[in-house]
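Data first, discussion second: the structure below is written as structure tokens.
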């Protein structure tokens, strides 16, 4: 882990890279008859080429909705992007017409979906599903596109001959590789990976992750890694944004967030991980549950579960503040000059 | 569309409230205008049938009145009179018992026999299962309409025979459905869990498997009532159903055929009555399907 | 694939034998015999017995069944009508065309209306238009075919004298029966199309396709319809098979020279040989059509197709190892 950290800080120093993705003040809601689900509440982040950001949080924190919003693919109805702007390689994703969007999706930005079992069309051979993307975005013939699909399959470690097979003939891990091959088929500048390894066995997980890492470096792709696995983030990402109830409550470089954790929720996340070095230590789960996204409290959404919460935390919603150039945290207690969390145990 | 109790965002499901399944089904039906309409119509038909028992005797609907032949619909004879001077409205009201009896009776027979055999087949498996399934193959190799006609011919005319024939014809479908449903439920983890805490097989079958296999059966049943009413009308139209002077609706349409130009009301009105009850049952079936089959909820 | 087809065809044989037994038993069980209609008051009891013996009615049913099956298996003979003395097989095949042409015209009409309407309904699901289409299909399902036929006859034949009232060999005579037969059928297909598309619309792979930048039209054609038409053709096959026998009522109204009306007549005349033979032949046709549908189904759905191919491979490997 130390080595990755060093690399990251080195990268941060010489920063002449172009910003490829910029999300600003994004608010997404699902408007239903009975209630409104506040899925994403005012989040902002940006990503430079070749950079990787991890979006971390529990199920229901709004990670997948954020990802879909970036592609402007939030299911509508009931999903509504209420405000904000998203810029992908300079294109304003929320104000482009459908044709332009289709040119960008798959070409400039691609997404790897969570469940490889259901993400592939069962009646098309996998080669065809990869080639489809190439054909749409590049000026090639059908057979050239298929050759490219075979190449892509080999790149993700599947024999090219299997391009003529149907999805059900592959195992879960292989399917996930196919999904990755589809996403990478046109060398996108940005890759969004939504829990790409959650559905896989641990050994396969490691294989898929290291493969993604290699590919990312090879093509200099910017990566948005959505996960609830802090280990995956440490392995893959330069930056982290921790999400809770649709907000980013802490963000920064890996070092910022992992070594100088500030937010009580982030602390809770680290403390609920089992530790191999200290088997004697007890797991400290965060008590309680995420608030109902149809009825978010008016104060800090985490206050109810937070051991540091004061009365003010229930009344006022904390704004994000910069602690240093890269590190932000949204917690009211930092108004008090000498406040600090107990810290992550080792 | 049905009202949903839960909604799945891409980030995970949102659950509002938990209600009992029966209540949830009822609430879903209540808010579905089609289902409510269907329910009201079915209730009206049942009311009509009950009234006909009180108001008319068999004599009233078969007695010939030579003075009032082919009268147009009027205040006195709402739906006119037929070739023997009988009031069409009275005959239709009296005939409601046949359609309702066949609709519900045939489905009842098919359902009860089918579910018992299908459940046995699915629950025990093995040779019994193979035998039952082959029996179903044979039964469903004969097209339904044909089987029905041959059965009615074999049993002879009459309401009960008609009802049995239509019921028997639908058995193979119910067996398959019940079997599939039981098989799907039996494999569930909560059944394993029940076994793990030492529940007896019979109790598991009754308390775990059966209630959870019912939904697809209820959905199929409600849809089937409509088609049974239609088959019965069709068979009676062909002369295979309830014997002639009795006013089964299909037979009424058939009887009016000859006088279609002279007295179109004789065919028009019974047909409308068949259509409306079938339509209501189909609507109710759709409503139940929406309420019970969570897969179809949007 | 071939192996699968052959197994399925072989499997039909015992099923159809059981069908013959059931049908024969049922027909035999029916009250009254063909002889009842031939008896005249002037006949002596001896003459009646003679007549009965001529049709083997003095022997047990199992004897008649055995004889029937013997003739069927050895000579392919389904017997002759006890009323018209016409060979049953000839009667069936000479009239089959009329029934098949009627069911196909109904089917084509149904499909032309139903599939686009079903796609439309799925597209506008949840709106007033969807409700209207659903209501329309429900009315189609609830309308008795015979009643619709009579209503159409009344208007288009008797009132404005536009169309013939029964079969006369012209194309016009197909119009009303086709509409009557096609309405129910199209309602069923329309509902199936709608629900199949809605089911497919929820699948994750559509999201994958959209994320690739596939235009919405292509998503519908390549991804949605390709998956949705599998259940649709299955149902269509069942409907075709069913309509081979299911139009008896309509045939009766339009004095259609098809097998359905022939069967109704045979049943009414207690013509056992004819009834039995017609049901057996129709059941055979029905099973063959269903079998073809199953095979087509396996061909268009790669999941099913490869299940057979793979099991074959595995068996081959197993054999090689042994």
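The table below gives the values:
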item: Inter-site label distance for residue B:40 and residue C:136 at 7 Å from Cα along Cβ, in nm; result: 2.5
item: Kirkwood hydrodynamic radius (C-alpha pairs) into Stokes-Einstein, segment C:214-284, 4 °C and 1.567 mPa s, D in µm²/s; result: 88
item: 20 Å-binned pair-distance histogram of the protein assembly as shown (Cα, whole percent); result: 11, 35, 30, 17, 6, 1, 0
item: Over segment C:1-56: Rg over Rh, Cα atoms, Kirkwood Rh; result: 1.37
item: Length-normalised contact order of segment B:135-256 in % [C-alpha pairs under 8 Å, at least 6 apart]; result: 29
item: Rounded tilt (10° steps) of B:171-186 against the dominant C-alpha axis of chain B; result: 20
item: Most mobile listed residue (A:238, A:214, A:194) in chain A, GNM with C-alpha springs under 10 Å; result: A:214
item: Candidates A:292, A:25, A:97, ranked by Gaussian network fluctuation over chain A, Cα under 10 Å, top entry; result: A:97
item: Ranked by how many other beta carbons lie within 10 Å on average, peptides C:63-70, B:33-40 from highest; result: B:33-40, C:63-70
item: Gain in span if fully extended, residue C:171 to residue C:94, counting 0.36 nm per residue against the direct Cα distance; result: 25.8 nm
item: Approximate spin-label separation residue A:340-residue A:154, in nm, with each point projected 7 Å along Cα-to-Cβ; result: 5.6
item: Shielding by other protein chains, A:111-117, mean Cβ within 10 Å; result: 3
item: When the convex hull of its Cα atoms is projected in every direction, mean area for chain A (nm²); result: 18.9
item: Among C:186, C:84, C:149: highest mean-square fluctuation, GNM of chain C, C-alpha pairs under 10 Å; result: C:84
item: Cβ neighbours within 10 Å from other chains - mean over A:28-40; result: 3
item: Degrees separating the helix B:88-124 axis from the principal Cα axis of chain B, which is the longest one; result: 20
item: Highest-first arrangement of C:49-56, C:118-125, where packing means the average Cβ count within 10 Å; result: C:118-125, C:49-56
item: Hull volume in cubic angstrom per residue (convex hull over the Cα atoms of segment A:107-146); result: 63
item: Alpha carbon centroid spacing (whole Å) that separates segment C:4-54 from segment B:209-280; result: 30
item: Whole-number percent relative contact order across segment B:34-296, with pairs defined as alpha carbons under 8 Å at least 6 apart; result: 27
item: Angle between chain C longest axis and helix C:302-321 axis [Cα atoms, degrees, rounded to 10]; result: 80
item: Label-point separation in nm, residue A:49 to residue A:211, each point 7 Å along Cα→Cβ; result: 2.6
item: Segment A:2-237 - percent relative contact order, Cα under 8 Å, separation 6 or more; result: 24
item: Coordinate range along principal axes, alpha carbons of segment A:144-292, Å, largest first; result: 53, 35, 30
item: Debye log10 I(q)/I(0) for segment C:88-316, one point scatterer per Cα, at q = 0.12 Å⁻¹; result: -0.79
item: Relative frequency of Cα-Cα separations exceeding 33 Å in segment B:34-296, percent; result: 32
item: Extension gain (nm, one decimal) between residue C:56 and residue C:70, 0.36 nm per residue minus Cα-Cα; result: 3.6 nm
item: Ellipsoid semi-axes in whole angstrom, largest first, where each is sqrt(5λ) of the Cα gyration tensor of segment A:262-335; result: 24, 17, 10
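Here, each number is a calculation from the coordinates, and none is a lab measurement. Note that the structure is predicted; figures quoted are calculated from it, not measured. Cβ atoms come from the backbone with ideal geometry, glycine included; neighbour counts cover every protein chain shown.
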